[in-house]
Every structure is written in C-alpha cells, then in structure tokens.
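Below is one structure, written out as structure tokens; comments come after it.
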Amino acid sequence: MPELPEVQTIVDDLNRKIIGRRIKRIWFDIPKAITIIFADKYGKMRGTARNSKELKRVFEKEIKGLEIIEIKRRGKNILIYLNQKPKTKNQKFLLLIHQKLTGHLLYGKWQVDKVKNQKLKVKNLLKGPLEEKVNNYIHLIFYLNNGWQLGLSDLRKFAKVLFGPKEEIEKMPDLLKIGPEPLDKKLTIQKFKSLINQEGRKIKQVLMDQEVLAGIGNIYSDEILWFAKINPLKPANNLTVIELKRIYSAMQRVLKKAVKLRGTSISDYRDIYGNSGSYAGKRYAYQRTGKPCQRCQSLIRRIKLGGRSAHYCPVCQL
C-alpha cells in the first residue's frame with residue numbers, strides 16, 4: 001500500500017501538472033469504490049453494481065466543470081480541492097482518493113473501447129512507462145480540459161473515492177480520525193513521546209496505527225525501527241526517553257529520504273508518469289529476510305505481528 005512518501009510524491013507531481021485544469025467528464029467501472037455525499041440533495045450515495053448508472057450520472061453532473069485549485073496529502077489520502085460552480089459561489093468541493101493496496105494515480109491518455117460481449121477495455125495511448133503492465137489496470141478516469149486524463153490503476157480494486165462539498169467530506173472519519181503528521185513541525189519530540197508512551201501495544205503496531213500517526217505503514221515502520229535499533233516487538237510504553245528520541249529522529253530521516261527518492265516500488269506503486277520510486281534499492285530491513293544486516297552482518301529476520309510482517313535485525317535491534 002502506498003505510504004506517506006509515495007502519496008506525497010503523487011501529490012507533489014499532481015500539483016505541478018493539473019492545478020487550474022477543469023474536469024470535463026468521468027468514466028469508471030468500479031462503482032463500489034465511489035461514495036458521493038451531498039446531504040442536501042442525495043444524502044450519501046454509495047456505489048453498487050445496481051445503481052452504477054445513477055451514480056455516474058450524479059457524479060458527473062456535480063463534478064463537471066469544476067476547477068482543480070489545490071492538492072494536499074493527509075495521511076495516505078489524496079485531497080483534491082475543486083472550485084465552486086458559478087451558481088454556487090460560496091461552495092467548494094473535495095475529492096478524496098485513498099489508493100489502498102494496489103492503486104496509484106496516473107497522468108496520461110487512455111481510450112475506452114467496447115470489445116466482445118459488450119465488455120469494456122481501456123487502452124493506453126502513450127509510449128513509455130505507462131505501457132508497463134502494473135499501470136494498465138485503469139478503472140477510473142477524470143477527463144481534463146487540456147486533453148489529458150487522470151486515471152486510477154488498481155489491480156485489486158480496493159481504492160476508495162469520496163466526493164462532495166468540502167465541509168461534508170472533511171467531517172468523514174477518513175479525515176477526522178487521523179493522527180498527527182510525522183513530518184509536521186508541530187509534532188515535537190515532546191508530543192511524540194506523549195503519543196507513544198501511552199500505548200501498551202508493540203511499537204511497530206503503534207507506528208502503523210493511522211489514529212496515532214498518519215501515513216506510516218509496513219515498509220517505513222520496519223525502516224524506522226532498524227535505524228533506531230529498536231525491536232518491533234517491544235511494548236511502546238516500555239521505551240526509554242533515549243529510545244523514543246532515536247525513533248523520532250529515525251522517523252524524520254527515513255521519511256524525508258524516501259520522499260526525496262520518490263517512494264518505494266517493490267510492488268504496484270508508481271508515480272503519476274508510471275515510473276518506479278528509488279527507495280527500494282536503499283532498504284535496510286523491509287523484505288530483506290535472510291540478507292545481511294548492513295550494520296552487523298547478522299541475517300535479517302521476518303516475524304508475524306498482528307497479521308502483518310515485521311523485518312528486523314535480531315542482534316542490532318534488541
């Protein structure tokens with residue numbers, strides 16, 4: 001699943017490419033991924049196969065002509081802010097996209113064709129990275145007024161899309177329940193210690209909890225704990241002040257480096273141009289089972305923790 005560095009890379013790229021563009025129309029074949037929230041008109045309209053035509057009609061009607069004015073990241077969510085239509089001057093809209101396990105947004109051009117049995121096939125029209133198979137599971141397209149498109153490639157079809165008035169989307173648990181941002185200057189070492197020290201769970205579980213900290217997942221929790229020399233199984237409320245400082249420092253170091261390297265592309269993640277991130281070649285712990293620790297040469301070990309994997313050095317990370 002794309003984590004903070006991957007989502008931030010996509011947000012930064014989209015801010016450079018699609019600000020000021022207007023949405024002309026949409027296409028999708030995953031209605032279950034889409035929820036539209038207009039309390040005063042439609043209430044909450046969740047996508048299902050049975051109401052996909054009505055969902056598309058409402059979605060397109062409400063989003064058509066809106067201008068993309070700003071794009072932000074909150075945790076693992078991509079927030080696309082849209083300007084008001086002329087008839088609703090005081091209202092702004094928000095498109096929230098959570099890419100989930102295998103989703104990633106792409107900037108390109110596609111053609112949707114009918115094939116046998118009236119099924120639809122999405123054809124990539126550009127040469128280069130977008131031709132890679134991992135980029136060819138397009139299930140949602142926003143057509144922009146410059147002739148380009150914003151597409152969502154998602155092999156497993158787990159992505160989530162929320163759309164509606166800004167104030168409606170901002171009240172959703174998807175945003176309200178997220179913890180502080182790890183790279184926010186407001187998250188001081190003192191605030192970080194107070195967050196972590198009250199948790200009795202294992203430290204890796206705490207780092208990955210989006211209600212404690214926003215945006216850290218399996219990849220970067222392993223990397224952070226390797227740099228901090230902390231065992232992933234250690235209870236968070238048993239960590240010393242020195243250990244907490246090491247984790248805080250490692251968190252800043254790892255996440256900033258991963259953003260600079262444009263994320264990790266071990267699996268499905270690609271940037272908006274279809275390119276891989278470079279952090280995969282710089283990993284010290286994540287998915288390095290059986291390989292030498294780059295500090296002490298002991299073999300990296302993999303264990304199960306709450307249904308997830310944890311990778312660590314049994315010698316360095318005591």
**OP:** Can you work out which of the residues in segment 111-130 that are in contact with a strand residue (DSSP E or B) (Cβ under 6 Å, 6 or more places away or on another chain) and within 12 Å of TYR273 (Cα to Cα) is surrounded by the most Cβ atoms within 10 Å (Cβ to Cβ)?
**Re:** LEU130
Subject >> Subset of segment 48-94 that is in contact with a strand residue (DSSP E or B) (Cβ under 8 Å, 6 or more places away or on another chain) and at pLDDT below 90 - its residue that is surrounded by the most Cβ atoms within 10 Å (Cβ to Cβ) >> reply: GLN84
**OP:** Quick one: count up the residues across segment 1-43 that are more than 30 Å from VAL254 (Cα to Cα) and either of a type in the set (Asp, Glu) or in the same structural domain as GLY277 (by TED's automatic domain parsing) (or both).
**Re:** 2
**OP:** Scan segment 268-295 for residues that are in a loop (DSSP other than H, G, I, E, B), small (Gly, Ala, Ser) and either in contact with a Cys (Cβ under 9 Å, 6 or more places away or on another chain) or buried (at least 16 other Cβ atoms within 10 Å of the Cβ) (or both) and jot them down.
**Re:** GLY274, SER276, GLY277, ALA285
Original post:
Just a yes or no: is a residue in segment 122-131 touching a residue at least 40 places away in the same chain (Cβ under 8 Å) and part of a loop (DSSP other than H, G, I, E, B)?
Top reply: yes
Original post:
Does TYR269 meet the test of being among the aromatic types (Phe, Trp, Tyr), farther than 30 Å from TRP148 by Cα and not assigned by TED's automatic domain parsing to the domain that holds ARG156?
Top reply: no
Subject >> Flag if ILE169 is assigned by TED's automatic domain parsing to the domain that holds GLY108 and buried (at least 19 other Cβ atoms within 10 Å of the Cβ) >> reply: yes
**OP:** Tell me, yes or no, whether segment 275-291 has at least one residue that is of a type in the set (Val, Ile, Thr), under 18 Å from SER221 (Cβ atoms) and out of contact with any helix residue (DSSP H, G or I) (no Cβ under 9 Å at 6 or more places or on another chain).
**Re:** yes
Original post:
In this structure, does SER249 turn out to be part of a loop (DSSP other than H, G, I, E, B) and touching a helix residue (DSSP H, G or I) at 6+ places or on another chain (Cβ under 8 Å)?
Top reply: no
**OP:** Could you please let me know if GLU67 is acidic (Asp, Glu), in contact (Cβ under 8 Å) with a residue 24 or more places away in the chain and more than 30 Å from ILE216 (Cα to Cα)?
**Re:** yes
Original post:
From the set of residues in segment 219-267 that are of a type in the set (D, E, K, R) and over 19 Å from GLN294 (Cα atoms), which is surrounded by the most Cβ atoms within 10 Å (Cβ to Cβ)?
Top reply: ARG262
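The values are calculated or read from the model by the stated rules, or taken from the named source; none is laboratory data. Everything numeric here is computed off the predicted structure, so don't read it as measured data. Using ideal geometry, Cβ is built from the backbone for each residue, glycine included, and neighbour counts are taken over all protein chains shown.
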